[in-house]
Ligand code: GDD
Ligand code: MN
């Protein structure tokens, strides 16, 4: 039968093992890191001599051709792999997919811009292989010699410390750098929690830590966070706000998704915009001012949700306009439901503001559920 000819006989594979078993998968998320690919690989090769390793670059279709640079190397070196993702953005999701693609027992995550210290990798691996830890984290804040986050810049450093402090409140543990993008972990631990991890944002280690059932045994090692040589940081204010959403979601015991929290926060800011516009235009008559305010708030909400809540699926150009039209259409539906629910609650009697909030919550849920399906 033809089928039998095509299918390799199970017993005949593998014919001979091609060398030592894989010990380490190095996951490198990249966005616009083309000039850094070759120097980073050279550094890895030096640091990991004597270890059977692979490098998995996870590139979100960088416009600078990072993926082609990786594939050019991969064409002659099977240790190097390029996961080339199309139509998606997000550091956390890239890290998770890279780790899931590896068959190595341990996976390391390291930035593609050489700001982390690859020379620490053998020590991390030794700790994991000796079963002294499930997770080893490179920390910028461990004091000690060399560990220093000043390459982040003063404002970023303060922000990063605050994020760490908040993070530790959720983790109920003391990790000096829970936002670190540099760590090594038993692959199984990532696989165990992968379905619950948030794919947006930068906080993958924090997320892995906060979603483990039993706290992993971790060790932190200090390293010096180096300055970037090529390209720019992709951590902007949107990433920071996204992190707040993730924290709140974890505080709620995961009852509420990070996206819904972001959507709610954006909606709350929209109420302020609405009131501000209404107040300043009152002279043109209430209903005209109210209509303008509603349109203004809707536009504000759409732009912010597109930039933050759905930044991994952000619409640009013509698609932005189409999405805006859909958003406006969907969000005008619950106006009626909002009023109906509010009136019902109001007549039942607790107080005017409970009624108002009840109406707003119903509208928010409707807007979230429908726009998440139809707009982004
Ligand atoms: N695939 C993919 N998709 N990669 C991304 C994306 C994305 O959307 N955004 C950023 N990256 C890659 C970058 O190319 C880089 O290799 C790495 O992720 C980190 O991004 P940077 O933009 O260099 O981050 P940073 O140096 O400002 O941030 C540092 O602090 C963060 C928070 O404490 C890093 O150490 C991060 O790892 C850390 O999470
Ligand atoms: Mn960086």
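The values are calculated or read from the model by the stated rules, or taken from the named source; none is laboratory data. Just so you know, these numbers come straight off a predicted model, no measurement behind them. FYI the Cβ positions are ideal-geometry reconstructions off the backbone, even for glycines, and counts take in every protein chain you see.
So the values come out like this:
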| read-out | value |
| --- | --- |
| Residue check for residue 203: assigned by TED's automatic domain parsing to the domain that holds residue 29 and at pLDDT below 80 | yes |
| Selection within the stretch 78-93 - out of contact with any helix residue (DSSP H, G or I) (no Cβ under 8 Å at 6 or more places or on another chain) and closer than 11 Å to residue 55 by Cα | 78, 79 |
| Test: residue in the stretch 59-66 that is in contact with a strand residue (DSSP E or B) (Cβ under 8 Å, 6 or more places away or on another chain), under 26 Å from residue 88 (Cα atoms) and surrounded by fewer than 20 Cβ atoms within 10 Å (Cβ to Cβ) | yes |
| Members of the stretch 254-270 that are under 18 Å from residue 198 (Cα atoms) and touching a residue at least 12 places away in the same chain (Cβ under 8 Å) | 254, 258, 259, 260, 261, 262, 263, 264, 265 |
| Exclusive hit being modelled with pLDDT of 75 or more, more than 16 Å from ligand 2 (Cβ to nearest atom) and farther than 30 Å from residue 305 by Cβ, set 216, 195 | 216 |
| Test: residue in the stretch 78-85 that is part of a loop (DSSP other than H, G, I, E, B) and more than 16 Å from ligand 1 (Cβ to nearest atom) | yes |
| Members of the stretch 226-237 found to be within 16 Å of ligand 2 (Cβ to nearest atom) and at negative phi, listed by number | 226, 227, 228, 229, 230, 232, 233, 234, 235, 236 |
| Residue in the stretch 131-141 that is modelled with pLDDT under 80, within 27 Å of residue 237 (Cα to Cα) and either within 14 Å of ligand 1 (Cβ to nearest atom) or in the same structural domain as residue 37 (by TED's automatic domain parsing) (or both) present | yes |
| Qualifying positions in the stretch 94-114 - crowded, with 19+ Cβ neighbours inside 10 Å, within 30 Å of residue 306 (Cβ to Cβ) and in contact with a helix residue (DSSP H, G or I) (Cβ under 7 Å, 6 or more places away or on another chain) | 95, 96, 99, 109, 112, 113 |
| Qualifying residue in the stretch 71-79 (condition: closer than 30 Å to residue 156 by Cα, in the same structural domain as residue 162 (by TED's automatic domain parsing) and touching a strand residue (DSSP E or B) at 6+ places or on another chain (Cβ under 7 Å)) | no |
| Residue within the stretch 277-298 that is at pLDDT below 80, surrounded by fewer than 17 Cβ atoms within 10 Å (Cβ to Cβ) and closer than 30 Å to residue 165 by Cα present | no |
